[in-house]
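The values are calculated or read from the model by the stated rules, or taken from the named source; none is laboratory data. A quick note: this is a predicted structure, and the numbers were derived from the prediction, not measured. Quick reminder, even Gly has a Cβ in these numbers, built from the backbone with ideal geometry, and neighbours come from all protein chains shown. The area values use the complete protein model at the heavy-atom level, side chains included, leaving out ligands, DNA and RNA. Shrake-Rupley method; radii C 1.70, N 1.55, O 1.52, S 1.80 Å.
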Amino acid sequence: METATARSHNPKRKRDATSPPPPYSNGETTTEEIDLSLLDAIEKSQSLSKSQPIETLDPKTLKKLILSFERKYKENIESRLKYPDQPEKFADSEIDLHNELHKLKILSSAPELYPDLINLNTIPSVLSLLSHENTDIAIDVIQLLQDLTDEDVVEMSNENEEESMKALVNTLIENNVLELLVHNLQRLSDSDDQDEMAAVYNTLATVENMIEVEPKVAEMICEKTRVLKWLLGKLKVREFDSNKQYAAEILSILLQNSEANQKKLGQMNGVDVVLQAVAMYKSKDPKSGDEEEMVENLFDCLCCLLMPLENKERFVKAEGVELMIIIIKQKKLAYGSAIRALDFAMTNYPPACERFVDVLGLKTAFAAFMGKASYFLLFPDLVFPAGLVTFIGGILRGSRRERLLSKFVENECEKIDRLMELYIRYSDRVKEETKRMDELELDDLEMDGDERYNRKLESGLYTLQSIAIILGHLWCSEHPRMRARIELLLKQQKLTKSDVKDILLEYHDNIGDLDGPEEKERVQARVLKFISAFELS
């Protein structure tokens, strides 16, 4: 189906970064030696720091905090160099360093001081601790970075605070935070140690925070690090846990709006890995809300991957079309997501449309399209007709056109009846939205043409246009039974062919050039052909 605007995904829910859900434990007890006295000392120091009153944070207090941190930082380096094989000799300096990092968390309450923090040149020292031999110190730094970069720190109405946050994130980037964070992921275990599992989660949260502040981070981290390889590795794990869930979400964020990332992941066998991950849910439903969210994120990843042409080819070769049909047939929760993935795969890619028809996908698609399956009622009607309608339109443009057209005359043209039913439903929705916008404008809330059009698209205009395109294909087939049925149904609803023509004309005038000027011209020519056919007959 030709699209007037680029598809977009729903924005991700911002997690409560300060309290991630506890990662799943495998129930085993670790056999590693633990220095209990060191742990006791840390716990006592934490209790002491919490009991101490917090000074009012201002530039002077900030400087005191930084000087204290730098002093403990240097003392720890010196102790480790002097007594490399005697941990008891540098244990106290390690505890002191831990406490200083903990104190720095207060900076998240004063983002207006971030420029001062940058000018004090302490960022390099803090980030160097991500490579500290003691992973507990590196974990402290990850927690600090997560706190400092959290979007909740900044009042969105405060431009100065927003600029301060951007300055901090850019300074972190200049000091190789992306490389250090991803490198640190390699040494963190997210299956045995609970603290390290939490650190993995917090690392991903920090990456998400930075992308929220500076969207360019999404491509930078994929260019400079091996984060995509690490994320794919997480998706290969069969067991579900909160970090696998978050890895799927971060991957979907990295793929959104980045053709470079989509192509790079495709070259890394990413299409096949994501297909294997979703295949686990072809005959079963997720067991929890979190697992359900992960499955949705996996399909978001798949849909993003299916935007570049070369990945559509990989999808077809990996038998992705067949897998999506199986998922639809199984009537599980991933049903709607499978339809959406097929829509992406078949858009502007005839081989996928042909494969779909050749493996008898039309029977499955039309069962859902007609709403015959009882499970169809369990899903939002905005999702399924929209997805089904658009890839049906794609098939009508390909070499399997005649096979699809023949379906529309079966059983007394029942599929045309269903198509017109959807046409009326979405037409009513668009009319209601148009009326609502007109009322808003009477209240002096003016909207420009683009905003009005986008609101109409959101209310169902995109699906209505898709239906009008299919009606155009059916009319241009010049099949007498099809034409007679369309005219009869329009007359019953007190409509005419001019109403369909008007929808097509609005679509024609708003076709974008996302796929290039030549494709735009081809699509416009096709739509004009439909408009002329409705006018002449």
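Put 399, 242 in order of accessible area, largest first, 1.4 Å probe: what do you get? Numbers along the way, then the final one.
Working: 399 75, 242 5 Å².
Heavy-atom accessible area, descending, gives 399, 242.
Could you compute the FRET efficiency for residue 64 and residue 499, with r as their C-beta to C-beta distance and R0 at 56 Å, rounded to 0.05? Numbers along the way, then the final one.
Numbers: r = 73 Å, r/R0 = 1.30.
Approximately 0.15, to the nearest 0.05.
So how do 203, 135 rank on accessible area, 1.4 Å probe, biggest first, that is with the largest at the start? Walk me through the numbers on the way to the answer.
Numbers: 203 0, 135 35 Å².
The ranking, largest first, comes out as 135, 203.
Rounded to the nearest 500 deg cm²/dmol, what is the calculated helix-only ellipticity per residue at 222 nm for the chain, with -39500 (n - 2.57) per DSSP H run of length n ≥ 4?
-22000 deg cm²/dmol
Specify the angular offset, from 0 to 90 degrees and rounded to the nearest 10, of the alpha carbon long axis of helix 517-536 from the longest principal axis of the alpha carbons in the chain.
30
What is the chain's relative contact order, in percent, from Cα pairs under 8 angstrom and six or more apart in sequence?
Reported relative contact order: 11 percent.
Mind giving me the FRET efficiency for residue 75 and residue 310? R0 is 35 Å, r the Cβ-Cβ distance, nearest 0.05 is fine.
E(calc), rounded to 0.05, equals 0.05.
Kindly report, to the nearest 10 Å², the accessible surface of residue 301 as traced by a 1.4 Å probe over protein heavy atoms only.
0
If you wrap the range 117-217's Cα atoms in a convex hull and average its projection over all directions, what's the area in nm²?
Working: hull surface 25.2 nm².
Its average projected convex-hull area is 6.3 nm².
Report the semi-axes of the equivalent ellipsoid for the range 159-298 in whole Å, largest first, where each axis is √(5λ) for an eigenvalue λ of the Cα gyration tensor.
After scaling each eigenvalue by five and taking roots: 26, 17, 15 Å.
For residue 328, what accessible area in Å² do you get when you roll a 1.4 Å probe over the heavy atoms of the protein chains, rounding to the nearest 10?
Roughly 10 Å² of residue 328 is accessible to a 1.4 Å probe.
To the nearest 10 Å², what's residue 240's accessible area with a 1.4 Å probe?
The accessible area of residue 240 comes to roughly 40 Å².
Using θ = phi - 60° and the Karplus form 6.51 cos²θ - 1.76 cosθ + 1.60, what ³J(HN,Hα) does each residue of the range 466-476 get, whole Hz, x for Gly and Pro?
4, 5, 4, 4, 5, 4, x, 4, 5, 5, 6
Starting at the first residue of the range 286-298, write each ³J(HN,Hα) from the Karplus equation 6.51 cos²θ - 1.76 cosθ + 1.60 with θ = phi - 60°, in whole Hz, x for Gly and Pro.
x, 8, 8, x, 5, 5, 4, 4, 4, 4, 4, 5, 4
Kindly express, to the nearest 10 degrees and within the range 0 to 90, the angle between helix 335-346's C-alpha long axis and the longest C-alpha principal axis of the chain.
80
How large is ³J(HN,Hα) for each residue in the range 160-172, as worked out from phi by the Karplus curve 6.51 cos²θ - 1.76 cosθ + 1.60 (θ = phi - 60°), to whole Hz, x for Gly and Pro?
Result, rounded to whole Hz: 5, 5, 4, 5, 5, 5, 4, 4, 5, 4, 5, 5, 4.
Compute the distance from the alpha-carbon center of the range 78-123 to that of the range 335-370, in whole Å.
56
With r defined as the distance between the Cβ atoms of residue 167 and residue 131 and R0 fixed at 25 Å, what FRET efficiency is calculated, to the nearest 0.05?
Numbers: r = 24 Å, r/R0 = 0.96.
According to the calculation, E is roughly 0.55.
Helix 227-236: angle to the longest alpha-carbon principal axis of the chain, degrees 0 to 90, nearest 10?
Orientation of helix 227-236: about 70 degrees from the principal axis.
Under 4 °C and 1.567 mPa s, how fast does the chain diffuse according to Stokes-Einstein, given a Kirkwood radius computed over C-alpha pairs? Answer in µm²/s, whole number.
The diffusion coefficient I find is 49 µm²/s.
Pairs to check: 236/282; 363/497; 282/317. Give those whose C-alpha atoms are more than 23 Å from each other in this structure. Can you show the working numbers first?
On the way: 236/282 16 Å; 363/497 29 Å; 282/317 19 Å.
Over 23 Å Cα-Cα: 363/497.
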